[in-house]
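Participant: Please find one structure pasted underneath; my questions will follow.
Here, each number is a calculation from the coordinates, and none is a lab measurement. Bear in mind the structure is a predicted one, so any value in this text is a computation, not a measurement. Heads up, the Cβs are rebuilt from the backbone with ideal geometry, glycines too, and the neighbour counts pull from every protein chain shown.
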Amino acid sequence: MKIKNLITSLIVAIITNSIISIITGKFELRVLIAILIGLVAGHIISYYIYKNKQVDSKKRNNYKY
C-alpha cells in the first residue's frame with residue numbers, strides 16, 4: 001500500500017468533512033473517523049484484490065499445456 005494513496009485519502013476525508021460541517025453547521029469528528037475508516041478499508045481490500053490477481057496470473061503463466 002502506497003503512502004501517497006493514504007495521504008490523498010486523508011485529504012479527501014478532510015475536504016468531505018469540511019463540506020458536511022459547512023452544510024450542517026457543526027464539525028463532526030465521528031463523520032471524519034467513519035470516512036477515514038472506510039477509505040483505509042477500501043485501500044486494503046483493493047490492495048489484496050490486486051495482489052491476488054497478480055498471483056493468479058503468475059500461476060496461469062507457469063502452467064504448461
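Participant: Between I14 and K51, take the C-beta separation as r, use R0 = 25 Å, and let me know the FRET efficiency to the nearest 0.05.
Facilitator: Details: r = 28 Å, r/R0 = 1.14.
About 0.30, to the nearest 0.05.
Participant: Considering the alpha-carbon set of the stretch 1-52 alone, what are its Rg and its Dmax in angstrom?
Facilitator: 12.8, 44
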